[in-house]
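Have a look at the structure below, then the notes.
The values are calculated or read from the model by the stated rules, or taken from the named source; none is laboratory data. None of these values were measured; they are calculated from a predicted model. Glycine also receives a Cβ, built like all others from the backbone with ideal geometry; neighbour counts cover every protein chain displayed.
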Amino acid sequence: MLSWQVETFIKEKQLLAANDRILVGVSTGVDSMVLLHILETLQKKMGFVIGVAHVNHKLRATSDEEETYLRNYCQEHNLPFYSTWWENPPKNGVEEKARIFRYHFFKETMVSQHYQVLATAHHRDDQIETMIMKMIREGNLFSAKGIVASQSFGATGELVRPLLQITKEEILDYSKKEGIVYFEDQTNALLNMQRNRIRHQVIPLLKEENSQALSHFQQLSDQLSAAEEIITEQQKKWYQALIKENYHEFEVDVDSYLTFSQAQQFFFLQELAKKARKYYDITLSTKQIRQVMKLLSEEKAHWVMDIDQTWQFQKSYNRLFLSKQSNKDEDAESLLTLNLGESKFLSKNEWVGLFSKDKVEVPEKVKCWLEYRQDLGKEFPFSVVLRKRQAGDRIQLNKQLHKKLSRFFIDKKVPQNLRDQAWVMTDLKDNVLGLLPYVFSYLCIPKETAKIHYVLLYKYRKPKLEGETDAGKRY
């Protein structure tokens, strides 16, 4: 009966297919030994092939005995067997580090031995344990869904859980009926681990309150998975429409964001948080997301909110930036001199050149970059200085108007991070000639009838995101 239930679940969820090569993770506990037994009975009927992977964690006196038993079992049943030892286990965080080691070994074995699918023995009782633990630790809607029947694993593999609809009681009954030999992990009874406390103290109470508790938790998991699918699809659409990805920076269209309901705003910012964690390993808490929502609702033109010592949110007019606190290119020069006929890289993403109009030489590397060009008259100096802006810098915009660069940026609503990236061009006496890539001084721009003698070219590009190829796609 149990074998039929598992077969039905496999077909319903399309977990396994004919010709699949399936690596079964087996610990020799009752759950994994029952899974192995059932898959053995189904492999000929369903047309797949199985192999067995085992990690000897060296944590119990019986660890070597368990490995030997499983090795002999596989030999008798003509099953490929792959094992490894966990040398020098740590003193702290053993459970999580053992899990990481175990799945790393499974992944390596799948690649080297050409298995497409990893099968593990998680069951319905594991589901409720995991959901309760996630709710306690995180309070996150989607993580509360617990364990899923299948998910991607490694670069091209799949991880499946054929016993997810089966209870622990059913597994024990099956093992007794079929005479399956297994080893009991005595540490599962210890109450110094959270999972064990939930298993032995919390879940029995839930079952006493309602015998259908396990079933109801699984229904909740299924509904949460369905809700996640719908919300995730919408989050992707919002992300594509409202966010530009720059180097170490996400730029958000605030005007569009403010048209959303509060619920939509939360899930939109949650998607931004997911991308920030994926690309840059930044962790945004729910509390921080709520703080951003509050600040944006106040409609202040400018504000800054630190996320950690490196990253911050920065609001500037109708744009919200999540970026590194230091927006300066680490490779950029802070001050340099440029002479007529010279060109220089200001950073790996910026290049500038000052040329006679008929002797312009642009490196092949920068020809496709964005360009700011200024034609110049014969009065333009042969040597100029490029530096970052300083307090009090002013530029002459016409005969009567001198304006501070800080006021120019405000009037043009230039975001703070772009202000920091701009270059000030001066003569050798520190008179401001231009602000790249925005404006040149009135004194430098030739009159309509004047002859063009020189050309200033500033070429720049938005640096690629980490892991992005020249074609604009991530690896």
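Assess whether Ser225 counts as being farther than 29 Å from Leu296 by Cα and within 21 Å of the chain's Cα centre (by Cα).
Yes, satisfied.
May I ask you to verify whether His77 is farther than 22 Å from Asn188 by Cβ, surrounded by 11 or more Cβ atoms within 10 Å (Cβ to Cβ) and either within 31 Å of the chain's Cα centre (by Cα) or among the acidic types (Asp, Glu) (or both)?
no
Could you give every pair whose Cβ atoms fall below 9 Å, whose first residue belongs to region 84-95 and is at positive phi, and whose second residue is assigned to a loop (DSSP other than H, G, I, E, B) and surrounded by 13 or more Cβ atoms within 10 Å (Cβ to Cβ), counting only separations of at least 6 or pairs across chains?
Within 9 Å, the pairs are Asn88/Lys58.
Going by the conditions given, is Ala189 among the small types (Gly, Ala, Ser), modelled with pLDDT under 95 and within 19 Å of Gly29 (Cα to Cα)? Reasoning before the result, please.
Values: among the small types (Gly, Ala, Ser): yes; modelled with pLDDT under 95: yes; within 19 Å of Gly29 (Cα to Cα): yes.
Considered against the rule, which asks whether it is among the small types (Gly, Ala, Ser), modelled with pLDDT under 95 and within 19 Å of Gly29 (Cα to Cα), Ala189 comes out as yes.
Can you give me the ranges of the strands (runs of 3 or more DSSP E) entirely in region 102-181 with at least 2 residues that are surrounded by 22 or more Cβ atoms within 10 Å (Cβ to Cβ) and either among the hydroxyl-bearing types (Ser, Thr, Tyr) or in contact (Cβ under 8 Å) with a residue 60 or more places away in the chain (or both)?
Fully inside region 102-181 and qualifying: 117-119.
In region 443-460, what count of residues is obtained for those that are surrounded by 13 or more Cβ atoms within 10 Å (Cβ to Cβ) and at pLDDT below 85?
5
Return the pair list, or none, for Cβ contacts closer than 7 Å from residues in region 281-299 that are assigned by TED's automatic domain parsing to the domain that holds Val252 and β-branched (Val, Ile, Thr) to residues that are surrounded by fewer than 17 Cβ atoms within 10 Å (Cβ to Cβ) and at pLDDT 95 or above, at least 6 apart or on different chains.
Between residues of region 281-299 that are assigned by TED's automatic domain parsing to the domain that holds Val252 and β-branched (Val, Ile, Thr) and residues that are surrounded by fewer than 17 Cβ atoms within 10 Å (Cβ to Cβ) and at pLDDT 95 or above, the close pairs are Ile289/Phe266.
So which residues in region 286-314 are exposed (fewer than 12 other Cβ atoms within 10 Å of the Cβ), under 18 Å from Thr259 (Cβ atoms) and not basic (Lys, Arg), if there are any at all?
Answer for region 286-314, where residues must be exposed (fewer than 12 other Cβ atoms within 10 Å of the Cβ), under 18 Å from Thr259 (Cβ atoms) and not basic (Lys, Arg): Ser297, Glu298, Glu299.
Has region 146-166 got any residue that is among the basic types (Lys, Arg) and at pLDDT below 95? Spell out how you get there, then give the answer.
From region 146-166, those among the basic types (Lys, Arg) are 161; that's our starting set.
Adding the requirement that they be at pLDDT below 95 leaves none.
No, because not a single residue in region 146-166 is among the basic types (Lys, Arg) and at pLDDT below 95.
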